[in-house]
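Everything below concerns the one structure shown next.
The values are calculated or read from the model by the stated rules, or taken from the named source; none is laboratory data. This one's a predicted model, so the numbers in the text were calculated from it and none came from an experiment. Counting neighbours? That spans all protein chains shown, and the Cβs are built from the backbone with ideal geometry, glycine included. Each accessible area value is taken on the protein alone, full model and side chains, heavy atoms only, with ligands, DNA and RNA left out. Shrake-Rupley method; radii C 1.70, N 1.55, O 1.52, S 1.80 Å.
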Amino acid sequence: APRLGRVGSPHAIDWPEGPGLLRRAYADGSGWTVTVFGEVAAAAQAGVGLPADWRVHADADASGDALAAAIDVYVHQPASGAPVVVTQGMAQAMAAGIPVVAPLRYRAVLGDAAVYAEPDAVAATVRALWSDAQEYAAVGARAREFVRRECGHDALVRRAGQGAVPQPAGAVPA
């Protein structure tokens, strides 16, 4: 069975709205374990308690190594009004070759480096990905390449040269 997971957040906007969406977004009832590193109080409020299959490591190290050892699929399902951003947890999972399941609106940012599903379709999407070893590996490889290309040092230097990253006064772009 696939092991789902994510990095937690203390902010309500980082979790689906309401108990039904939260439980569907993280495949409650599937029998799969969901591991969360970090804060889950906002999720517990949204879900009126946490699903029984969640394993929470509130004070645990959420480094890429710990994440990669604990999960097979990273599920990122924030509130519908949350901004589209690549979180540190998503980037860590992707760098480790762990596929990310994100809402459809993330396609404009992640392209083919992730798979997409709204809360009601997360379980079916994970099931399909997990049952196809070739696709699972391909998504993981595209995720690693995305992080290398878009989140690494060279990407930051490139963005700084384009004025997208603030630079200290008097700094000379590389």
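Observations
- Other residues with beta-carbon under 11 Å from the beta-carbon of Ala93 carry, at +1 per Lys or Arg and -1 per Asp or Glu, a net charge of +1.
- Springs join every pair of Cα atoms under 10 Å in this Gaussian network model of the chain, and among Gly152, Gly97, Gly47 the largest mean-square fluctuation is at Gly152.
- Each of (1) -0.41, -0.49, -1.20; (2) -0.47, -0.56, -1.49; (3) -0.46, -0.54, -1.23 is a candidate for log10 I(q)/I(0) by the Debye sum over Cα atoms at q = 0.11, 0.12, 0.19 Å⁻¹; the one calculated from this structure is (3).
- Share of carbon and sulfur in the accessible area of the chain stands at 57%, probe radius 1.4 Å.
- Heavy-atom surface of the chain, accessible at 1.4 Å and reported per residue (Å²): 48 Å²
- For Ala108 and Asp59, a Förster radius of 41 Å and the Cβ-Cβ distance give a FRET efficiency of 0.75, rounded to the nearest 0.05.
- Projected label distance in nm at Ala133 and Ala121, using a 7 Å step from Cα toward the beta-carbon: 2.7 nm
- Lys/Arg +1, Asp/Glu -1 at C-beta; the chain dipole; positive extreme among Ala121, Gly140, Gly111: Gly111
- The 1.4 Å probe gives accessible areas that order Arg3, Arg55, largest first, as Arg55, Arg3.
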